[in-house]
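Right, one structure below, let's go through it.
The values are calculated or read from the model by the stated rules, or taken from the named source; none is laboratory data. Predicted, not measured: the structure shown is a model, and the values here were computed from it. Using ideal geometry, Cβ is built from the backbone for each residue, glycine included, and neighbour counts are taken over all protein chains shown.
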Amino acid sequence: MQPSPGNGRQRFDIGDIVRAHRSELEARGRLSRAQRRVLSAIELCRTAALGGHVDVCRCCDFERPAYNSCRNRHCPKCQALRQEQWIAARAERLIPVPHFHVVLTLPGELRTLARRHPREVFGALFAAASETLLELGASRLQALLGITMVLHTWTRDLRFHPHVHALVTAGGLANCAALWAPSNSKYLFPVKVMGQLLRGKMLEKLRSLHHQGLFDSFLDFGDPEAFDRFTTDLARKSWVVYAKKPFRRAEHVLAYLGRYTHRVGIANSRLLAVTDSVVTFRTKNGKAVSLSPIEFLSRFVQHVLPDRFHKIRHFGLYAGASDGVRLKAMDLLATTATPVPATPAAVSVLQALTLELPSCPGCGAPMERRAVPAAISRAPPRTAVA
């Protein structure tokens, strides 16, 4: 498989892997409707099949095709503009205080259940994680925290590993709503306490879902004693919660959070080599892993979320219904901090991504944009601009 050229350098494209090996993947086992839709979108992304335009120089013969993107949230080529737009919007809502980064992880024993019932299990994880943090904020600080959470389901080698990343204000608006109650500058709450509370709340929500009959067809959960044994074993485990040191500058919070909110399981930039039999990609610490194309796609599609499932959620002071309370908190902090503008880097990237008429790279003259209609019957071009 040849690398797809783009931006003046050679690179590989996940879309090429999908086009070459999707039929083999589907022959191996049944894919969900959402998974099939994502693969179809990636196949057509930035190709003539979706139409687009050609930038033509008015002074020389230079032409550059640019095809429309699929805009699917799981596509590795369609997140840059959305990410920068999101960062710009959140800058206006960010409370100008340090933020902690907390990672709350689903135990390995629950991964199979999460694959079978992702909407319910991931929804329960969001609820249990947010309630854990808000309850500790109320009991230990007597204050309402601001929390933004992002669901990730992957490891660097694309294995299934559901967890939520939470950016949490280092303090909150006191219950009397008259002052800002800061947390300890070095830690938010003890991780052991957070893990115990998360475990109790998550097991409670799983029991409620089981009581509704949702899990009856899963393994032998039709037997109430089997489910009780399962949850009893989970209650004996230590649940992993990890808390990093706080970001002291709010613009750093935005830049960091932006990288997490619109990240997909793997980006094209991590692909090192692609052949008809092997896909090699970077993991971390300078390491790499090689998989067959079918195994690569199989791991990729397991991270497709259910349709209309919100993987970014806000709680406490950052919840949409709490705008009045959030503004009160920002008023209290106004004497020592100012609202956070979008970072210069984010502004410049956003301007570049939305620029309508670029200049000719050959002679510098203005370029003219000509529409290209969609052509479903045409094969995806190898020279599509990324």
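Residues being more than 17 Å from MET149 (Cα to Cα), without any contact (Cβ under 8 Å) to a residue 24 or more places away in the chain and among the polar types (S, T, N, Q) are represented in the range 289-300 by at least one member.
For the range 151-172, the set of residues classified as hydrophobic (A, V, I, L, M, F, W, C) and buried (at least 19 other Cβ atoms within 10 Å of the Cβ) consists of LEU151, TRP154, LEU158, VAL164, ALA166, LEU167, VAL168, ALA170, listed by residue number. Across the range 159-174, the number of residues qualifying as farther than 15 Å from PRO96 by Cβ and either assigned to a strand (DSSP E or B) or outside the structural domain of GLU109 (by TED's automatic domain parsing) (or both) comes to 8. For the range 216-255, filtered to residues that are hydrophobic (A, V, I, L, M, F, W, C) and more than 30 Å from THR148 (Cβ to Cβ), the residue that is modelled with the lowest pLDDT is LEU219.
Here HIS99 fulfils each of the conditions (1) more than 17 Å from LEU151 (Cα to Cα); (2) not assigned by TED's automatic domain parsing to the domain that holds SER185 apart from (2).
Can you find, within the range 21-35, the residue that is surrounded by the fewest Cβ atoms within 10 Å (Cβ to Cβ) among those that are in contact with a helix residue (DSSP H, G or I) (Cβ under 8 Å, 6 or more places away or on another chain) and among the basic types (Lys, Arg)? Among residues in the range 21-35 that are in contact with a helix residue (DSSP H, G or I) (Cβ under 8 Å, 6 or more places away or on another chain) and among the basic types (Lys, Arg), the one surrounded by the fewest Cβ atoms within 10 Å (Cβ to Cβ) is ARG28.
Beta carbons closer than 8 Å, at least 6 apart along the sequence or on distinct chains, pair a first residue in the range 166-193 that is free of Cβ contacts under 8 Å to residues at least 40 places away in the same chain with a second that is hydrophobic (A, V, I, L, M, F, W, C) and part of a loop (DSSP other than H, G, I, E, B) for ALA174/LEU141. ARG308 meets all of the listed conditions (1) exposed (fewer than 14 other Cβ atoms within 10 Å of the Cβ); (2) more than 18 Å from the chain's Cα centre (by Cα); (3) under 23 Å from GLN83 (Cβ atoms); (4) among the basic types (Lys, Arg) but one, namely (2). Just one of the listed residues (VAL102, VAL38, VAL18) is closer than 30 Å to GLY324 by Cβ, hydrophobic (A, V, I, L, M, F, W, C) and either modelled with pLDDT of 90 or more or crowded, with 18+ Cβ neighbours inside 10 Å (or both), and it is VAL102. Listed by first and then second residue, the pairs with beta-carbon distance under 7 Å, at least 6 apart or on different chains, first residue in the range 257-269 and within 17 Å of ARG90 (Cα to Cα), second assigned to a helix (DSSP H, G or I), are GLY258/GLN83; GLY258/TRP86; GLY258/ILE87; THR261/GLN83; THR261/TRP86; HIS262/ARG82; HIS262/GLN83; HIS262/TRP86. Each residue in the range 286-324 was checked for being polar (S, T, N, Q) and in contact with a Lys or Arg (Cβ under 9 Å, 6 or more places away or on another chain), and 2 of them qualify. Where strands (runs of 3 or more DSSP E) sit wholly within the range 175-290, those with at least 2 residues that are assigned by TED's automatic domain parsing to the domain that holds ALA329 and surrounded by 17 or more Cβ atoms within 10 Å (Cβ to Cβ) occupy 180-182, 241-247.
Taking the conditions (1) assigned by TED's automatic domain parsing to the domain that holds LEU144; (2) crowded, with 17+ Cβ neighbours inside 10 Å; (3) at pLDDT 90 or above in turn, ARG326 satisfies each one other than (3).
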